[in-house]
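In what follows, a single structure is set out as structure tokens and then discussed.
The values are calculated or read from the model by the stated rules, or taken from the named source; none is laboratory data. Note that the structure is predicted; figures quoted are calculated from it, not measured. Every residue, glycine as well, gets a Cβ built from its backbone with ideal geometry; the counts of neighbours run over all protein chains shown.
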Amino acid sequence: MKVLITGATGTIGGAVARTLLGRGDDVVGLSRDPGRAAAAEPRITWHAWNAAQERPPAEAFDGVDGVVNLVGEPINQRWSDEAKRSIRESRITTTKNLVAGMLAAERTPRVLVSGSAVGYYGDRGTDFVDEGTAPGATFDAQVCVDWEAAAKEAEAGGVRVALIRTGLLLTREAGLLAELLLPFKLGVGGPVAGGRNYMPWISLADEVGIILWALDTEGASGPFNATAPNPVTNREFSKALGRALHRPAVLPVPKLAVKVRLGSEFGEIAATAGQRAIPKRATDGGYEFFFTDIDAAMEDAVG
């Protein structure tokens, strides 16, 4: 199989690429700086792409069977007007450009696996959330709605489209867990704002696993929650991280501290919002998880 990946220099994209290469597939990558990307991973065939300004070059799609779309500006930041514009552009505009390139290719790839997030659902409290749950009304939820709509435009060309709604990724390389490691190692970590909100986590192995399962499985289309079957509360998550690091995890973090750091809008969501999301469609479709227990996954993530 020949697979084109956007975001192949990122944490998830790089792991997907390495797994594909390891099983004998050919991988094509798109980058603003293909020379630098090739120096880091010469096994990938790289092409230059200014994602927000243009379609990928036509030659990037030569012989490509499937596309994995993982490009996007980090959402874990202060949501200024400029940040919001960049977040939307890096997901929606670039996905529209990618799909336009796919549909214009001499031979259209047969499948698109495109990123999304459980932020699609907004804050759902303690209610269980599956792929049939309606979207929320917050900024991040509406970004996901529009992001998925941009990917689904590929269906007009007969492309099978799978949408991966990713939860909290457990990796020390990036994201929330990477930010939490230092304070927890210093013994000053703990639950945020009471720790009652749910955190739908997923291991990197299962994030990659679900993406490749969706790529390979002919019947896999529509949305899939990339979350472990057992979401935990923030308090349970904090205790698991403390156990993995052999450090106490009892010092509470007030909501105000999070809002000061991340701004009032995203800070409120980061501190108190959550989704008790379960991967109903993936498990019903036959995907088997590597990690279903938070302690085992956390120990694997922090090494």
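Does A105 satisfy being more than 28 Å from G158 (Cα to Cα) and of a type outside the set (S, T, N, Q)?
no
Hey, G190 hits all of (1) among the small types (G, A, S); (2) within 23 Å of R18 (Cβ to Cβ); (3) in contact with a Pro (Cβ under 7 Å, 6 or more places away or on another chain) but one; which does it fall short on?
Among (1) among the small types (G, A, S); (2) within 23 Å of R18 (Cβ to Cβ); (3) in contact with a Pro (Cβ under 7 Å, 6 or more places away or on another chain), the lone unmet condition for G190 is (2).
Are there any pairs with C-beta distances below 8 angstrom linking a residue in the range 220-248 that is in contact (Cβ under 8 Å) with a residue 24 or more places away in the chain to a residue that is polar (S, T, N, Q) and assigned to a helix (DSSP H, G or I), with the two at least 6 apart or on different chains, and if so which?
Pairs that qualify, where the first residue is in contact (Cβ under 8 Å) with a residue 24 or more places away in the chain and the partner is polar (S, T, N, Q) and assigned to a helix (DSSP H, G or I), are P229/T283.
Do you know which of the residues in the range 79-91 that are touching a residue at least 40 places away in the same chain (Cβ under 8 Å) and within 29 Å of A228 (Cβ to Cβ) is surrounded by the most Cβ atoms within 10 Å (Cβ to Cβ)?
Looking at the filtered set, the residue picked out is R91.
Can R55 be described as of a type in the set (D, E, K, R), free of Cβ contacts under 8 Å to residues at least 60 places away in the same chain and within 19 Å of M1 (Cβ to Cβ)?
Details: of a type in the set (D, E, K, R): yes; free of Cβ contacts under 8 Å to residues at least 60 places away in the same chain: yes; within 19 Å of M1 (Cβ to Cβ): no.
Here the answer is no, as R55 does not meet what is asked.
Looking at the range 192-250, which of its residues are within 28 Å of L182 (Cα to Cα) and aromatic (F, W, Y)?
Hits for the range 192-250 are Y198, W201, F237.
Among (1) modelled with pLDDT under 90; (2) surrounded by 15 or more Cβ atoms within 10 Å (Cβ to Cβ); (3) not aromatic (F, W, Y), there is one condition N225 misses while meeting the rest; what is its number?
Among (1) modelled with pLDDT under 90; (2) surrounded by 15 or more Cβ atoms within 10 Å (Cβ to Cβ); (3) not aromatic (F, W, Y), the lone unmet condition for N225 is (1).
So which of A104, A117 ends up being in contact with a Ser or Thr (Cβ under 9 Å, 6 or more places away or on another chain) and either closer than 28 Å to G263 by Cα or not acidic (D, E) (or both)?
Answer to the selection: A117.
Tell me yes or no: at least one residue of the range 92-104 is under 29 Å from V232 (Cα atoms) and either surrounded by 21 or more Cβ atoms within 10 Å (Cβ to Cβ) or modelled with pLDDT of 95 or more (or both).
No, the range 92-104 contains no residue that is under 29 Å from V232 (Cα atoms) and either surrounded by 21 or more Cβ atoms within 10 Å (Cβ to Cβ) or modelled with pLDDT of 95 or more (or both).
May I ask you to verify whether L180 is touching a residue at least 24 places away in the same chain (Cβ under 8 Å) and either over 18 Å from E288 (Cβ atoms) or surrounded by fewer than 18 Cβ atoms within 10 Å (Cβ to Cβ) (or both)?
yes
From the list P74, P57, P109, which residue is touching a His at 6+ places or on another chain (Cβ under 7 Å) and either over 16 Å from V161 (Cα atoms) or surrounded by fewer than 23 Cβ atoms within 10 Å (Cβ to Cβ) (or both)?
P57
In this structure, is T11 under 22 Å from the mean Cα position of the chain (by Cα), touching a residue at least 24 places away in the same chain (Cβ under 8 Å) and surrounded by 21 or more Cβ atoms within 10 Å (Cβ to Cβ)? Let's see the steps before the verdict.
Values: under 22 Å from the mean Cα position of the chain (by Cα): yes; touching a residue at least 24 places away in the same chain (Cβ under 8 Å): yes; surrounded by 21 or more Cβ atoms within 10 Å (Cβ to Cβ): no.
No, not satisfied.
Please verify whether the range 122-140 includes one or more residues that are over 30 Å from T233 (Cβ atoms), without any contact (Cβ under 8 Å) to a residue 24 or more places away in the chain and under 18 Å from the mean Cα position of the chain (by Cα).
No; the residues of the range 122-140 include none that is over 30 Å from T233 (Cβ atoms), without any contact (Cβ under 8 Å) to a residue 24 or more places away in the chain and under 18 Å from the mean Cα position of the chain (by Cα).
Matching residues to (1) touching a helix residue (DSSP H, G or I) at 6+ places or on another chain (Cβ under 8 Å); (2) modelled with pLDDT of 95 or more; (3) aliphatic (A, V, I, L, M):
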{"site": "A58", "(1), (2), (3)": "yes, yes, yes"}
{"site": "I75", "(1), (2), (3)": "yes, no, yes"}
{"site": "K84", "(1), (2), (3)": "yes, no, no"}
{"site": "G125", "(1), (2), (3)": "no, no, no"}
